[in-house]
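So the structure is just underneath, and the comments pick up after that.
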Amino acid sequence: MTIRNQKDFVAGLLFLLVGLGFAYASAQYRLGTPARMGPGFFPLALGSLLALFGGGVMFGALGRSDEDGGRLSGFNFRSLIAIVLATIVFAWMIRPAGVLATVAVVAVIASFAATKVPLRVAFANVAIQMVIAYAVFHYLLGLQIPVLPTVFQ
């Protein structure tokens, strides 16, 4: 068997490993039953599904190839750093800064993951994400996360 699409194979491997990691980590929690789910049930189910999906993507990469052959040309560390940093900043800022400021900062950081993003597109992205985050967190989910920084409340 030969790997005909390296990009799909590596993506599938990543999905498989993350899914197995979540399924393994959920083993320390009580599973419960489908009618009365315990805290480990949902991570186990999602981790297992992600691992199965990853295995399917990996299997598919063995049989077909894209126009470019699905070859990996390199690794974009800039995107990796921007996304990981955005996730860390979100966790660090959400309570003291509130939803709106946090989403604005995180959207700006995440925009550095892409190359050649015009400034107006980045600001439009920030505005749209702030509206969506406010609607989802405040209205739809009713979470008790502050909307504005604690200084303004």
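For this structure, a couple of remarks:
- Being among the aliphatic types (A, V, I, L, M) and assigned to a loop (DSSP other than H, G, I, E, B) holds for only one residue in ALA86, ALA45, ALA23, ALA35, and it is ALA35.
- For GLY47: the one exception among (1) in the same structural domain as THR115 (by TED's automatic domain parsing); (2) under 17 Å from the mean Cα position of the chain (by Cα): (1)
- Checking each residue in the stretch 1-31 for being surrounded by 15 or more Cβ atoms within 10 Å (Cβ to Cβ), over 22 Å from GLY63 (Cβ atoms) and small (Gly, Ala, Ser) picks out ALA23, SER26.
- Among the numbered conditions (1) in a helix (DSSP H, G or I); (2) among the polar types (S, T, N, Q); (3) free of Cβ contacts under 8 Å to residues at least 12 places away in the same chain, the only one that SER73 does not meet is (1).
- Residues that are surrounded by 17 or more Cβ atoms within 10 Å (Cβ to Cβ) and aliphatic (A, V, I, L, M) within the stretch 32-50 comprise LEU44, LEU50, listed in sequence order.
- The residues of the stretch 134-147 that are under 17 Å from PRO96 (Cβ atoms) and either modelled with pLDDT under 80 or hydroxyl-bearing (Ser, Thr, Tyr) (or both), listed by number, are LEU143, GLN144, ILE145, PRO146, VAL147.
- Every test in (1) under 16 Å from the mean Cα position of the chain (by Cα); (2) at pLDDT below 90; (3) among the aliphatic types (A, V, I, L, M); (4) crowded, with 16+ Cβ neighbours inside 10 Å is passed by ALA86 save one, and that test is (2).
The values are calculated or read from the model by the stated rules, or taken from the named source; none is laboratory data. Model, not experiment: these values are computed from the prediction. Virtual Cβ from ideal backbone geometry, glycine too; neighbours counted across all protein chains shown.
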